[in-house]
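No value in this document is a laboratory result; all are computed from the given coordinates. The structure presented is a predicted model; accordingly, all values stated were derived computationally and were not measured. For neighbour counting, all protein chains shown are included, and Cβ atoms are generated from backbone atoms with ideal geometry for every residue, glycine included.
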Amino acid sequence: MTNRPAAALAWVSVLLTLPLLAGAWLYAFGAPQLAGVGLLTLLSLSATLLAFLGGVRMGVEIGRSSASPSAIVVALVTPAAAWLLLALPFFEPTWQFAGLLALHLVMGLWDATSDLPKWWKTPRMAVAVVTVVALALGMWKALAGG
């Protein structure tokens, strides 16, 4: 039997990646005056998504009978690193994309190889794929001269 609220939450998280794709599209292929909006959308939503995923991971760990302190630290450090990539003014978009891509890949691999419930793992991997594709498109544009 499917846990309907949990399944709905999982699929809503997939739908929330659609603005990432829109931001990547605007940045890479949109009108030049919209590139900044696309860049801001893509980078900020990527960091926000990492904060959400880190919170999910922390909640999973806290709910265990023997919580792993190192897992909690990683769940907290990952979104903090993403926000630093956005907040520090000397990072150019290429570095921001590279850092966010690496963080999303690490979190995605961690979640893929973990004992998370199947109802969460399937949409979580979909979120990882969409996010990595959107960030890769943004990085391609940044490397091509932004």
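Between helix 118-143 and the chain, what is the angle of the helix's C-alpha long axis to the longest principal axis, kept within 0 to 90° and rounded to the nearest 10?
Between helix and principal axis, roughly 20 degrees.
Using only Cα atoms, tell me the angle between helix 35-62 and the longest principal axis of the chain; keep it within 0 to 90° and round to the nearest 10.
Taking Cα atoms only, the helix is inclined about 10 degrees.
Expected output is a single nm value to one decimal: the length gained when fully extending between Thr94 and Phe29, i.e. 0.36 nm times separation in residues minus the C-alpha distance. What is it? Don't jump to the answer; show the numbers that get you there.
On the way: separation 65, 0.36 × 65 = 23.40 nm, distance 1.67 nm.
Taking 0.36 nm per residue and subtracting the Cα distance, the gain is 21.7 nm.
With an 8 Å cut-off on Cα pairs and a minimum separation of 6 or more residues, tell me the relative contact order of the chain in percent.
Numbers: 146 pairs, mean separation 47.5, N = 146.
Worked out over the chain, it gives 33 percent.
If you work out Rg and Dmax of the Cα atoms in Å from the coordinates, which of [x] 17.3, 66; [y] 15.8, 53; [z] 15.0, 45 do you get?
Working out Rg and Dmax of the Cα atoms in Å from the coordinates points to [y].
Along the Cα→Cβ direction, 7 angstrom out, place labels at Ser114 and Ala51. What is the inter-label distance in nm?
In this crude spin-label approximation the distance works out to 1.9 nm.
What full-extension length gain, to one decimal in nm, is calculated for Trp83 and Val106 as 0.36 nm per residue of separation minus the Cα-Cα distance? All intermediate terms of the calculation are to be shown ahead of the outcome.
Working: separation 23, 0.36 × 23 = 8.28 nm, distance 1.60 nm.
Extra length available between Trp83 and Val106 comes to 6.7 nm.
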